[in-house]
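A quick write-up on the structure given underneath.
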Amino acid sequence: MTDQPSLQSDTSHLINSFDQWGKLVSFIGSVLLFFSVFYDFSFLIALGIHFSEVPTTISDHIRSAIVWLPQVGGMVLIVFIYELVMRRIEGGKTEEEIIASSSN
């Protein structure tokens, strides 16, 4: 009988993690769509064309966001690794603390 609470706890934890992943994926998709529309808008403005003059649909912007996804994911991964390395080197200290503890 002691297995029941553990099983329910594991199931609720799994459902909660799926819920969190779903929220994360939808947030990333929304952000990518926003940046895709912003990029397209800026590109057209740089060419001197108004956004309303170009026949685009939401599927064009979604395609553009999907095309940018690998590059954005790669850059996020690089920044994440860089932050981990810097956190390891600095030991969680501020620049002032590092300078104060330095011998030179």
Notebook entry, point to check: Between L69 and I98, 0.36 nm times their residue separation minus their Cα-Cα distance comes to what?
Noted result: 6.7 nm
Note to self: Let me cross-check F43: its accessible surface, 1.4 Å probe, with only protein heavy atoms counted, in Å² to the nearest 10?
What the structure shows: 110 Å²
Check: With each pseudo-label sitting 7 Å past Cα toward Cβ, what's the S12-V85 distance in nm, one decimal?
Finding: 4.3 nm
Checklist line | Of the trypsin sites (Lys or Arg not before Pro) in the stretch 21-104, those whose Cβ has at most 16 other Cβ within 10 Å and which sit in DSSP loop | finding: K93
Next item on the list: Give me the accessible area per residue for the chain, probe 1.4 Å, as a whole number in Å².
Entry: 87 Å²
Checklist line | Kirkwood Rh, angstrom, the chain [1 / mean 1/r, Cα pairs] | finding: 18.6 Å
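The values are calculated or read from the model by the stated rules, or taken from the named source; none is laboratory data. It should be emphasised that the depicted structure is a prediction, and the values quoted were computed from it without experimental measurement. Note that we place each Cβ from the backbone using ideal geometry, even for glycine, and neighbour counts take in every protein chain shown. Note: accessible area is taken over every heavy atom of the protein model, side chains too, but ligands, DNA and RNA are not part of it. Shrake-Rupley method; radii C 1.70, N 1.55, O 1.52, S 1.80 Å.
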